[in-house]
Amino acid sequence: MAGLGNIVQADWKLESRMMGSIEIGGSNHFAWCFIDPEHGGEGFGGDRTSLGSHLEFREGEMCSIDFYNRSGMPHTIHLHGLDVDQANDGVPATSFEVPGFGSYKYVFRAPHAGTYHYHCHVDTVLHYAKGMFGTIIVRPADGSTDRAWDGGPTFDEEVLWNLATTDTNWNDNLIASGPETARFNPDGFVINGGETAAASADAMTAIAVQRGQKVYLRLVQSSYQWARVSLNGLPFEVVATDGRPMPTPIQAT
């Protein structure tokens, strides 16, 4: 399942990392991200620091994320799309920041099975652009990893694509928003933290199935512009959006 569905649990740990990296145009650039210190010690897939670790929960469970801020600047974890109480929403204006070298345990009940994401909500424009985001997958209540939600479609293979854009000037030279963040000029376009060649060779990104098998592709749009996804003419159905089933699946190619 391309690294998905291996660990589904109620309690996770995340740490902020300010010295990650992302390769754009053959050169390494600074990136910030969230890492999972218990499973690989890096970001997504346990082998990169340009995309945060993905977390998997079960629908209806009381869950937690122990966040340790390993940097000298404040951060939060905003659970984007999850219906949580204000104290656990990670929006500084309505709750609080986790100070440099501080910690906080976010507690919430996992919502409807689906695909969501989390991100830092401090100086959001910059922190998000520099990579402080990741994916949350909520599994059906029974923990099954071959069904989208209770009563939903089943599948043989599952892949996550996190789409993002990078402005390497922001990544390398900015630590706070200001006049230079008035315009975002992306020069890196990545899937799961890698440009075309890296993404094509990445086992976490590749769709590898046998003829007749059904694939469930989870898309997370983490960039500051729209994106069009094509599967080279293969027909597919859009069955859910923002963590909720579509009233009627959309047929697309």
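The values are calculated or read from the model by the stated rules, or taken from the named source; none is laboratory data. Predicted, not measured: the structure shown is a model, and the values here were computed from it. Cβ placement follows ideal geometry from the backbone for every residue including glycine, while neighbour counts extend to all protein chains displayed.
Of the residues making up region 142-157, not a single one is of a type in the set (Val, Ile, Thr), part of a strand (DSSP E or B) and buried (at least 20 other Cβ atoms within 10 Å of the Cβ). Taking Ala252 and the conditions (1) at positive phi; (2) more than 23 Å from the chain's Cα centre (by Cα); (3) of a type in the set (Gly, Ala, Ser), which numbered condition does it fall short on, given that it satisfies the others? Ala252 satisfies every listed condition except (1). Checked against the criterion of being at pLDDT below 95 and closer than 17 Å to Cys63 by Cβ, region 94-111 contains one or more residues that satisfy it. One residue stands out in region 179-224 among those that are β-branched (Val, Ile, Thr) and farther than 27 Å from Trp149 by Cβ: the one that is surrounded by the most Cβ atoms within 10 Å (Cβ to Cβ), namely Val190. Among the residues of region 158-166, is any at pLDDT below 95 and either assigned to a loop (DSSP other than H, G, I, E, B) or not basic (Lys, Arg) (or both)? Scanning region 158-166 turns up no residue that is at pLDDT below 95 and either assigned to a loop (DSSP other than H, G, I, E, B) or not basic (Lys, Arg) (or both).
Any residue in region 226-247 that is touching a helix residue (DSSP H, G or I) at 6+ places or on another chain (Cβ under 6 Å) and not hydrophobic (A, V, I, L, M, F, W, C)? Taking every residue of region 226-247 in turn, none turns out to be touching a helix residue (DSSP H, G or I) at 6+ places or on another chain (Cβ under 6 Å) and not hydrophobic (A, V, I, L, M, F, W, C). Listed by position, the strands (runs of 3 or more DSSP E) contained in region 192-253 that have at least 1 residues being small (Gly, Ala, Ser) and under 21 Å from His119 (Cβ atoms) are 236-241. Of all residues in region 22-68, those being modelled with pLDDT under 95 and among the hydroxyl-bearing types (Ser, Thr, Tyr) number 2. Of all the strands (runs of 3 or more DSSP E) wholly in region 93-139, which have at least 2 residues that are touching a residue at least 60 places away in the same chain (Cβ under 8 Å)? Output list reads 114-119, 133-139. Within region 225-253, residues that are closer than 30 Å to Arg183 by Cβ sit with their Cβ atoms under 8 Å from residues that are assigned to a strand (DSSP E or B) and polar (S, T, N, Q), at 6+ positions apart or across chains, in these pairs: Gln225/Thr165; Ala227/Gln221.
The residue that is nearest to the chain's Cα centre (by Cα), counting only those in region 66-81 that are surrounded by fewer than 23 Cβ atoms within 10 Å (Cβ to Cβ) and touching a residue at least 60 places away in the same chain (Cβ under 8 Å), is Gly81.
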